[in-house]
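In what follows, a structure is listed as structure tokens, so that the remarks can point back to it.
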Amino acid sequence: MRRTTASSSCPAGERSPNPSPRAPIGRRRPLTGSRDAIKTRSGARRWWKEAQEGAAIDAAGLPYAAAPAGPTSYGMRMLSIFISDQAYTLRRVDDLLNQQAPDASHSHALLAADLFTKARDWHIDSVKSVGKNSSHTEDGSVNIYPIMLRVSVTQDNALTVKVGKKDNSSENFRRANKILTADSEPVHIWDFSGRTTYILMNAWNRMPHDSKYDSKSADHEMPLEIHIYDLSKPVANGADGKRDGLALTLGGSVFSNGSITDMDLDSSSGRSKQVGSGLRGLDNLGNTCFMNSAVQCLAHTSKLVDYFLGDFCKEINTHNPLGMKGELAYAFGDLLRKLWAIDRTPIAPRQFKAKLARFAPQFSGFNQHDSQELLAFLLDGLHEDLNRVKCKPYSEAKDSDGRPDEEVADEYWGNHLARNDSIIVDICQGQYKSTLVCPLCKKVSVTFDPFMYLSLPLPSTTMRTMTITVFSTDGTTGPSPYTVSVPKSGDTRTLINALSNGCSLRDDERLLVAEVYNNSIIRYLDEPSEVISLIRDGDRLVAYRLPKDSEDAPIVVFRSQRMESSLSSFGRKSWKTFGTPLVSSLPDDTVTGSTICDLFLKVMTPFRVSKDDVSDADERIGESSLVNETADTDMSTDTSEQTSLNNNTLEDETGTEDAMQFFLTNERFPDQRMKIEMDQPITVKGPLKCLHVVVCWQDDGLEQYNLSSLDSLPEIYKAVLFSRRPQDTCSLYACLEAFIKEEPLGPEDMWYCPGCKEHRQASKKLDLWRLPEILIIHLKRFSYSRYTKNKLETFVDFPIHDLDLSKYIGHRCQQIPHNYRLYAISNHYGSMGDGHYTAYVYDERKKGWYDFDDRHVGPITEDNIKTSAAYVLFYRRIQEDSLDTGTDRDSDIPT
């Protein structure tokens, strides 16, 4: 009997549910590009050698002798059906290379998929050319028997091969033992695929770094599935040429741990088409929905599917210090192959989860995580494991120095590709332009950096709502709160400009913004470049309208106090500060106590009660003050001046006693105060040119004014619990605009200016320069601060069929279209603590969308895929011919 076998060195994955071996023995499968193949028995070597010579196949093999690892009696093979695992040892037999030792009659050849295909095709063509039947059944009709093996390396560099009954059907388990254990005859296996060499090298790389290395450990066993192609038995395919509902074609199988995906062969191009649906769910192992969502999106990225279903092992870079010795790539490849298997039962991705936890401890355990963070780690890890660059050259980044952007961008991109070259770079990496401008010396720095995905802020996350109370200093209007929207990354200048527009500030006015705490001004926002992110929502800000021409003039700050009793003083009364401080600008000439009094009465005008409510005592105070003023000064008695004189009632000694008194205080020592006499000249000292005056109100004075508005200063932003607010909406293009908008760097991201030789809070602007074939867009829904975590439920309206990024590209390359079509979405529902992830994926063959909710997979209409839960969007570039016809012909999903 003649057999051929296909095998693959799949990554260390989970134990297979073994759907294919459970199928009836001798299940007939088409035969094409399998990864590896084996020819067995006496005619096998001759069959392979004939093909090598006839088809000029250049491949060298390494011979191994197979023997049972335990007792070697013949009865052992018969008893193996009652044993869970049967182990065999493979040792190199280098004498066979020089033909110094006879080859065994039971000899098997382990071939790569392309070699097996070439050999088979040569034999088929040779049979047709001579016009006779072949004894080797070279019509392409075969029986296939999948066998799962687990291979490890011993300390003496031998290979241990285990065949387990849990991994294989009972019949296939017996068949595997029969092949590896001959009747007192030696068994030789010639490896022409290089798989055994890779397994040995992988073990050697791990042994020096792992003092506890144990070849018998399941973590160090590599699953290896072989397919036995039985060419000796005739095919009972019946008249319709079908088996299990699938056509018998001259095709092949793509294999994975315990599962087989049928392929058809495209006769025109020789390219295989996937028959497996890919609509296979993933079990939730405990808060692993974030992982399932990200994996399903990547597993339906067409170029990755083709790559990992192909011979990706040859590009594994085990010597990359930034990689994971290829283990992450093997684990992902193994999981992807299972997802594209014929079997539709859900998969438990335990081994893939274990690999993640091993190389990224943040994903260990069963806590909820961020699918975008997992996606970023996985793409970067796959890139390093598959990096084709074995020795990275050193390259120094150079500044633009006025050179054309095209030249600088190509230089940066060339340096990047010299160190990074993988399938991930080929399809997922793009380049953006970063421009920094120093606010002082105006030095411009331009760099071009690669990106794996775009993290776009939502417009609602970039803007901040702030409420500020504006006070007049000329007594014309009372305090008014204004609510403005400013960028979260903005500065004081941005805030003042927005507030000036909001309160309709006149051209001859300016705003002095201050923060009030405990009825006192604690700081002024007078530094234009100070970031407003330092201002908390619970803070209280005020703004005073001052004359513009008095920008350098001194100001006076009035703080009000009144007598109140307190429990700490056992009911005794003391002076307590109340209300919001008021501000006025001082004149340039001599300042006296009367000047201070006049300024205060002027700013208090909006708070004065109507004349009908003025007490008789207040009227008497007004009359007395008017007489005194008329005797000392020669002033006109028009209506406005009489009103001013009435307001100056407190200058009378009796009026001051009954209404209020003024005291000068020290800002640093507020308890130190000096009473202000009306005729006392006052000198403004200090670099700030600011007078601090305490106004001590008497009961009679408080009755003349309504000061309630001074006690109700609103906060910057007050969130209302359990309040329903209209859902924010925006377009994806608005998110892109926010991404490329120029903004100042935060205080924690200061830029070292080469011109100033100091760190500066420069302005930064990003521009897209070149886009990848697969564009991944991350919507920044989550915000973190020192005290809070928040998720934005903003509905983002994103294009499905044609995302046009032409106007956002700085590099206007006419050969490459900048139009994209959506093919996958990672969704997040709920809050940050107890949310849930799902995925929407477009199936090219069925022309419809599918909802992947852990192990559950079902169709969903295109109208329902746009939700406020969209978190990560996956776009694929539309080729020019598709744009011309209005359809997407860039469909690389195997069909």
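A crude spin-label estimate for the pair Glu758 and Lys398, with each label 7 Å from Cα along the Cβ direction, gives 3.1 nm.
Peptides 661-668, 302-309 ranked from most to least packed, by the mean per-residue count of other Cβ atoms within 10 Å: 302-309, 661-668.
Can you figure out the FRET efficiency of Asp797 with Ala357, using R₀ = 41 Å and their beta-carbon distance, to the nearest 0.05?
In this case the efficiency is close to 0.65.
Sorted by average packing, counted as other Cβ atoms within 10 angstrom per residue and highest first, what order do 792-803, 772-783 take?
Working: 792-803: 16.8, 772-783: 21.0.
So the order, starting with the most tightly packed, is 772-783, 792-803.
How much length, in nm to one decimal, is gained on full extension between Lys689 and Lys807, taken as 0.36 nm per residue of separation minus their Cα-Cα distance?
37.3 nm
The packing ranking of peptides 533-543, 816-826, 159-169, highest mean first, is 816-826, 159-169, 533-543, where packing means the average number of other beta carbon atoms within 10 angstrom of each residue.
Among rounded, prolate and oblate, which fits the range 516-579 when a ≥ b ≥ c are the square roots of the eigenvalues of its C-alpha gyration tensor, a/c under 1.5 means rounded, and a/b larger than b/c means prolate?
Working: a/c = 4.14, a/b = 1.75, b/c = 2.37.
Oblate, because a/c is 1.5 or more while a/b does not exceed b/c.
Scalar couplings 3J(HN,Hα) for the range 361-375, obtained by applying the Karplus form with A = 6.51, B = -1.76, C = 1.60 to θ = phi - 60°, are x, 5, 9, 6, x, 10, 7, 6, 10, 9, 5, 5, 5, 5, 4 Hz; x denotes Gly and Pro.
Classify the range 385-538 as rounded, prolate or oblate from the Cα gyration tensor: take a ≥ b ≥ c as the square roots of its eigenvalues, call it rounded if a/c is under 1.5, otherwise prolate when a/b beats b/c and oblate if not. Note, shape of the range 385-538 comes out prolate. Legend: distances between Cα atoms for Lys791/Lys866; Lys488/Lys602; Lys780/Lys866; Lys765/Lys807; pairs beyond 27 Å are Lys488/Lys602. Site pair Ala55 and Arg845 shows an inter-label distance of 2.6 nm when each label is modelled 7 Å from Cα along Cα→Cβ. Full extension of the chain between Ser480 and Arg668 gives 64.7 nm of extra length, using 0.36 nm per residue less the Cα-Cα distance. When the range 427-514 is described by a simple charge dipole with +1 on each Lys and Arg Cβ and -1 on each Asp and Glu Cβ, the residue from Thr447, Pro479, Thr494 located farthest towards its positive end is Thr447. Lys and Arg at +1, Asp and Glu at -1: add these up for the other residues within a Cβ distance under 10 Å of Ser422 and post the number. Neighbourhood net charge equals -4. The GluC sites (Glu not before Pro) found in the range 362-441 that occupy coil by DSSP, while having at most 15 further C-beta atoms within 10 Å, are Glu396.
We did not get these values from a lab; they are worked out from the coordinates using the rules stated. This structure is a prediction, so every number in the text was calculated from the model and none was measured. Ideal geometry is used to build each Cβ from the backbone, glycine not excepted, and the neighbour counts take in all protein chains shown.
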